[in-house]
Amino acid sequence: RKEVEQDPGPFNVPEGATVAFNCTYSNSASQSFFWYRQDCRKEPKLLMSVYSSGNEDGRFTAQLNRASQYISLLIRDSKLSDSATYLCVVTSSGTYKYIFGTGTRLKVLA
Amino acid sequence: EAGVVQSPRYKIIEKKQPVAFWCNPISGHNTLYWYLQNLGQGPELLIRYENEEAVDDSQLPKDRFSAERLKGVDSTLKIQPAELGDSAVYLCASSLGTGSNEQFFGPGTRLTVL
């Protein structure tokens, strides 16, 4: 089993739709969680950190469920420009090491 | 503020040839990372530097891969000899420190081995 698992997609959604991705992790000692966004042929860029209390940034909401060991990303009112791959990142307690998921590909359709 | 700089952006070589990638991290970032990203996969760590010290190279295939960061700033990743399976994107990232500090990625070097 991979340490961090994501549905690769693609998720094809119409503009304005709400879409959610989950990411599961296997190490219960995992400490820090992030969502990165990666456009085609570009580098990953931090979208948002995921806090225990959940956090929201405009149309984006990230949540952490430690009991079930998953994090989620919700995108409301999808825009064409949201089309990208969303990478889940998990780090373990006391380490620096980023463990990436395979990424979930989103296509927002006009 | 300049981001992480990498060169070259693209490299095509024949198998068994050597190749080198260069990275200049964000100014003031002490921690530097080299990742490998295959198509359809997330980045995988190859090596991490704290200043000039390689503190984690456990994932680096040392028979053919080497890296250095002599003055604690720029870094070079080398493959010699390259194999067909080395075709991938090689990403460099930097952060202020370790732990949960955000990592900033460079644009990567896309390597094709023929």
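Where only protein heavy atoms count, and the probe is 1.4 Å, what is the accessible area per residue for the stretch A:1-97 in Å²?
On the way: 4890 Å² over 97 residues.
Here the per-residue accessible area is 50 Å².
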Debye sum, Cα scatterers, the stretch A:19-65, no solvent: what log₁₀ I/I(0) at q = 0.20, 0.30 1/Å? -0.77, -1.26
Tally Lys/Arg at +1 and Asp/Glu at -1 over every other residue whose Cβ is under 14 Å from the Cβ of B:Tyr49; what's the total? -3
Would you mind getting me the FRET efficiency between A:Tyr70 and B:Leu96? Use the beta-carbon distance for r and R0 = 41 Å, nearest 0.05. 0.90
Where does the protein assembly as shown land on Rg(C-alpha)/(2.2 N^0.38 Å)? 1.03
Go ahead and set up a Gaussian network model of chain A, Cα springs under 10 Å, then flag whichever of A:Thr61, A:Thr91, A:Thr18 fluctuates most. A:Thr18
Please give the FRET efficiency for B:Glu44 paired with A:Ala20, using the beta carbon to beta carbon distance and R0 = 25 Å, rounded to the nearest 0.05. 0.45
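How much of the pair distance distribution for chain B lies past 26 Å, counting alpha-carbon pairs only, in percent?
Working: 810 of 6441 pairs.
Result for the distance tail: 13 percent.
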Which distance in nm do the two modelled labels at B:Trp22 and A:Ala110 give, with both placed 7 Å along the Cα-to-Cβ direction? 4.2 nm
Against the 2.2 N^0.38 Å scaling, with N counting residues, where does the stretch B:71-111 land? I'd like the Cα-based Rg ratio to two decimal places. 1.43
P(r) of chain A over all Cα-Cα pairs, binned every 5 Å from zero, in whole percent: 2, 13, 24, 25, 19, 10, 4, 1, 0
Buried accessible area for the A:B pair, summed, 1.4 Å probe, in Å² rounded to 100? 1600 Å²
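Using a 10 Å cut-off around each Cβ of peptide B:104-112, what is the average number of partner chain Cβ atoms that fall inside?
On the way: counts 4, 7, 1, 3, 4, 0, 1, 0, 0.
For this peptide, the per-residue mean of nearby foreign Cβ atoms is 2.
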Label model pair A:Tyr51, B:Asp63: point-to-point distance (7 angstrom along the Cα→beta-carbon line) in nm is 4.8 nm
Using a 4.7 Å cut-off between beta carbons, which cysteines in the protein assembly as shown end up with no partner cysteine at all? A:Cys40
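The values are calculated or read from the model by the stated rules, or taken from the named source; none is laboratory data. This one's a predicted model, so the numbers in the text were calculated from it and none came from an experiment. All Cβ positions, even for glycine, are placed from backbone atoms using ideal geometry, and neighbour counts span all protein chains on display. To get the accessible areas, we keep the full protein, side chains included, count just its heavy atoms, and leave off ligands, DNA and RNA. Shrake-Rupley method; radii C 1.70, N 1.55, O 1.52, S 1.80 Å.
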